[in-house]
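**Student:** Would you mind keeping the following structure in view while I ask a few things?
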Amino acid sequence: MLEASANSGASPQTGIHQLIAADGTSVADGELDPFVADVDDAQLVRLYSDMVAIRRIDVEATALQRQGQLALWPPMLGQEASQVGSLRALGGDDFIFPTYRENGVAYLRGADLAGIMSTWRGSANTGWDPYKFNMATPQIIIGSQTLHATGYAMGLVLDGKETLSIAYLGDGATSQGDVHESMVFAASFQAPVIFFCQNNHWAISEPVGLQAHVPIAGRAPGYGIPSLRVDGNDVLAVLAATRWAAARARSGGGPSFIEAVTYRMGAHTTADDPTRYRGVTELEEWGAKDPIARVKALLQGRGKLDDDAEAAVARRADAVAAELREGTINLPDPAPLSVFDNVYTTEHAILDRQRDHYERYLAGFAPTDGTTLEGSRS
Amino acid sequence: MITEFRLPDLGEGLTESEIVSWHVAVGDRVELNQVIGEVETAKAVVELPSPYAGTVTAITHEPGTTVEVGEVIIAFEVPGQGQDAPAADQPADEAPAKRVPTLVGYGAEPESSKRPVRRTRQFAPAGAAAPAAAPTGVPAAAPAGAPAVAVADAQARVQADRPRSTPPVRKLARDMGIDLAALTGSGDHGLITRQDVVTFAGGQEKGAEGAAEAPASTTGTAAARDRTDTSREVRTPIKGVRKFTAAAMVQSAFTAPHVTEFLTVDVTAGMEFLAKLRAAREFADVKLTPLTLAARAVCLGIARQPSLNSHWDGAANEIVTKNYVNLGIAAATPRGLVVPNIKDAQQLGLHGLAAALGELAATARAGKTQPADLAGGTFSITNIGVFGIDAGTPILNPGEAGILALGAVRNTPWEYQGTVALRQVMTLSLSFDHRLVDGEQGSRFLADVGAVMSDPAMALALC
């Protein structure tokens, strides 16, 4: 293994910022501590509850895919701290540009669970209204959402807004030209954008060490963008780092880059078999750095997670799972013509013609009314 | 109510999966999302979480079976669900209209009463006038009722539609002036393929040729003369051994990827050895030739490289390695090429092989080779040396993994003990099926055979 992937979330001396060690003990970090000074135990319980809930979403969605109710699902198992910590650092006006794996972020942002699943079931192109939640729809194209986020942030400057945009990306995306261009533009225009890179160690089957011989966070300074490398399995460290980046953006400090070092415990998607490429000890190694277990240990150590609190967390997760299952199974099949909706905001001549053609094509499918077959080939 | 679970597409466009194991049995109670079994797709082995909480009432596919996506694999008694529902054995789609969740990957459940039916299109025959006079398309309605006729209905619609083909083939047909409606497709579901069009065009041409013949015979064209003048061409019906040989060779050449290797060896010592044996009383009753020695060398070589004696069983998806050698010998007979084989040749010594070869040759020459003698061969030798030929690229006898061609033994200037001497040299040509035999095994085998041919004492080292 190369250095970039050998860095573990439990060893701060490797240059990874951390606030909660894998065994649940608190770690001091001079740079991050000020950003989470206000986070009390009650808030930590909420972060814990968020992580448990989105892990449950992942488990339930994976099962639904195996049961034929979803076409595909990209597991987020193991990345709960990165998703929760980053999202909880944002304001409601900040605009999120996610990848396809930020389904936990979408749920925490308020998107309807069935809506989120509609995309993965193939019954809708869009799972939620981007402007209602200030969160763009999942981007399947690797890395292109960084362009959108940068452009949006440049617009915020022109509009004189004090909000920011955040682009989620993975370690694999950092090899994309789009990401390079985004970072060049973001630095050139000092755009208020956060590049939040979840280094989950695998770009499908390609290990991060192959495309990043030095830590990914080390690339950003080359663009003139300050960066932080944090333990992506430490929800508090992720929260602090994202608040650091957000504070910079809001105060005219320009773009920031965060590398959250985490691990994809599941498959790339349900159509992938990670056992074909993953090292045999990796799951064990990273399982010991579980993001949820460490917060639980921390809270229990402080006596802040009693049975009642645990039961409440479990009840929320159960309710989420039930709502997700019920909502997914009962998603209506879309009307064929709805494929033309939400393409352009205004009238579009070519699209109108296509709609007209398709309408007439569909009209060719006559309803069965008992008449006999006539007029075959002349 | 009994609820069936159909195998979903587990990995973006898969059509089937193999049941690896069941973790539950009929009668077991299962919880929602409890792992009930494992299936292997082309992409991964995945666990199946139970889609229901209830009791398993049926498991329809055993582990090891491959199941098409959409087939029922397990059924559950789900308590509290649809108690007033019709009897379980009634087809689901005859049940009162009720929303059936669409399982992703194999489309919507057919709804007999609402299924859209495509309107029949009208096509004018090629070259006909504009279709203005053609009757307007009447919407073709599906036969009323039963979903059981869905398939037939679909076929009927296909037939009523324009001929099924692909755009490039349609263009080809148009360019050639062929109306696709006149063709019967040989592809899937009657799809008209490029080959169909070409074949059809060929038939038309032949027809045209035939039609042209009558006037041709009066004008005396070369073509017509060719057909009738037997002094320039002889047309022999393809049948019997020739037809069989042709089919076997075509099948072999186009299914087994052939590799041929050559080895030229100094067989002087081997020929001297044979000469010595010929003088021995024990061998007085048999004929000893290089083929005899090669037969023994092949048996020894196969013992060391069994893959040369294996068979590709595509249907069973298995490689069959034979522990016996039925050694085929290509024989030219008045009826044509036959390849009778010596059963269990590995058990025979040089004398036994010589005797068997003599008998086999006599039987073949007499045209009395029995079908049983031709069946079950595992490896073949062809002795092209008797025709004065040095080397060739023999085609495998179908079902076998290797064939060795023996070249002629020639007096050739050859390196011998540091100088050039006149030695007896022959070339061995080995073809093998590269699906079964890698270059390494083939090469080692050929080297072993060559070693025995050049120095029969090497046989002692190969055992």
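**Student:** Assigning unit charges at the beta carbon (Lys, Arg +1; Asp, Glu -1) and nothing else, what dipole magnitude in debye, to the nearest 20, does the range A:33-329 show about its Cα centre?
**Tutor:** For this selection, approximately 220 debye.
**Student:** What dipole magnitude, in Debye to the nearest 20, does the range B:287-351 give about its Cα centre under +1 on Lys/Arg Cβ and -1 on Asp/Glu Cβ? Numbers along the way, then the final one.
**Tutor:** Numbers: 6 positive and 3 negative charges, 61 e Å.
Here the range B:287-351 has a charge dipole of around 300 debye.
**Student:** Dividing the alpha-carbon Rg of the range A:166-248 by 2.2 N^0.38 Å yields what?
**Tutor:** After normalising by residue count via 2.2 N^0.38 Å, the value is 1.06.
**Student:** Quick one: if the Förster radius is 25 Å, what FRET efficiency do B:T245 and B:T321 give, using the C-beta to C-beta distance and rounding to 0.05?
**Tutor:** 0.40
**Student:** Residue by residue, what Karplus-based ³J(HN,Hα) values in Hz, rounded to whole numbers, does the range A:41-47 have, using 6.51, -1.76 and 1.60 with θ = phi - 60° and x for Gly and Pro?
**Tutor:** 5, 4, 5, 5, 4, 5, 4
**Student:** Between A:A271 and residues 5 or more places away or on another chain, which pairs have amide H atoms under 5 Å apart, with H built 1.01 Å from N, and which residues are they?
**Tutor:** Amide H to amide H, under 5 Å and 5 or more residues apart or across chains, A:A271 pairs with A:W73.
**Student:** Could you calculate the FRET efficiency of B:L337 with B:T65 from 1/(1 + (r/R0)^6), where r is the beta carbon distance between them and R0 is 41 Å, rounded to 0.05?
**Tutor:** 0.45
**Student:** Can you tell me which of A:R276, A:R101, A:R248 moves the most in a GNM of chain A? Springs connect C-alpha atoms under 10 Å apart.
**Tutor:** The residue that fluctuates most here is A:R276.
**Student:** So what is the relative contact order for chain A, in percent, with contacts set as C-alpha pairs under 8 Å and at least six apart?
**Tutor:** 25 percent
**Student:** Can you tell me the alpha carbon radius of gyration of the range A:283-364 divided by the globular rule-of-thumb value 2.2 N^0.38 Å?
**Tutor:** Compactness ratio reported: 2.12.
**Student:** Then there's this: Listed highest first by mean packing, meaning other Cβ atoms within 10 Å per residue, what order do B:336-345, B:33-42 come in?
**Tutor:** B:336-345, B:33-42
**Student:** Let me ask something additional. Let me spell out the model: positive unit charges on the Cβ of Lys and Arg, negative unit charges on the Cβ of Asp and Glu, origin at the Cα centre of the range A:133-224. What dipole size does that give, in debye rounded to 20? Could you put the intermediate results ahead of the total?
**Tutor:** Details: 2 positive and 6 negative charges, 17 e Å.
The dipole of the range A:133-224 has a size of about 80 debye.
**Student:** Connecting C-alpha atoms closer than 10 Å in a GNM of chain A, tell me which of A:A319, A:A173, A:A22 has the biggest fluctuation.
**Tutor:** Top of the fluctuation ranking is A:A319.
**Student:** So, one more: Remind me, what semi-axes does the range A:33-329 give for its equivalent ellipsoid, largest first in whole Å, using sqrt of 5 times each Cα gyration tensor eigenvalue?
**Tutor:** Values: eigenvalues 150, 97, 84 Å².
Whole-Å semi-axes of the equivalent ellipsoid: 27, 22, 20.
**Student:** Filter the cross-link list B:K287/B:K343; B:K243/B:K368; B:K243/B:K287 down to pairs whose alpha-carbon distance in this structure exceeds 25 Å.
**Tutor:** Correct reply: B:K243/B:K287.
**Student:** How would you order B:277-284, B:254-261, B:52-59 from highest to lowest mean count of nearby Cβ atoms within 10 Å?
**Tutor:** Packing order, densest peptide first, comes out as B:52-59, B:254-261, B:277-284.
**Student:** Can you check what the net charge comes to around A:W286, using other residues whose Cβ is under 15 Å from the Cβ of A:W286 (Lys, Arg +1; Asp, Glu -1)?
**Tutor:** It works out to a net charge of -4.
**Student:** Sticking with this one: When a/c reaches 1.5 or more, the comparison of a/b and b/c decides; with that in mind, is the range A:101-251 rounded, prolate or oblate per its Cα gyration tensor?
**Tutor:** The shape class here is oblate.
**Student:** Please give the FRET efficiency for A:A335 paired with B:E16, using the beta carbon to beta carbon distance and R0 = 30 Å, rounded to the nearest 0.05.
**Tutor:** Efficiency at R0 = 30 Å is approximately 0.45.
**Student:** What is the extension gain from A:R355 to A:L210, computed as 0.36 nm multiplied by their sequence separation minus the C-alpha to C-alpha distance, in nm to one decimal?
**Tutor:** Working: separation 145, 0.36 × 145 = 52.20 nm, distance 4.65 nm.
That pair, A:R355 and A:L210, stretches by 47.6 nm at full extension.
**Student:** For peptide A:114-126, how many partner chain Cβ atoms fall within 10 Å of a residue's Cβ, on average?
**Tutor:** Working: counts 0, 0, 0, 0, 0, 0, 1, 2, 3, 2, 0, 0, 0.
Neighbouring Cβ atoms belonging to other protein chains average 1 per residue here.
**Student:** Which shape class applies to the range A:215-356: rounded if a/c is under 1.5, otherwise prolate when a/b exceeds b/c and oblate if not, where a ≥ b ≥ c are the square roots of the Cα gyration tensor eigenvalues? Write down the numbers at each step before the final one.
**Tutor:** On the way: a/c = 1.80, a/b = 1.30, b/c = 1.39.
It comes out oblate by the Cα gyration axes.
**Student:** Can you give me the long-range amide H partners of B:L348? Hydrogens built in the peptide plane at 1.01 Å from N, cutoff under 5 Å, separation of 5 or more residues or another chain.
**Tutor:** Amide H neighbours of B:L348: none.
**Student:** Across peptide B:31-43, how many C-beta atoms of other chains are within 10 Å of each residue C-beta, on average?
**Tutor:** Taking all residues of B:31-43 together, the mean is 2.
**Student:** Quick one: among A:L156, A:L351, A:L47, which has the greatest mean-square fluctuation in a GNM of chain A with alpha-carbon springs under 10 angstrom?
**Tutor:** Top of the fluctuation ranking is A:L351.
Read the figures in this text as sums done on the coordinates, not as results from a lab. Since the structure is predicted, the reported quantities are computational estimates derived from the model, not experimental observations. Ideal geometry is used to build each Cβ from the backbone, glycine not excepted, and the neighbour counts take in all protein chains shown.
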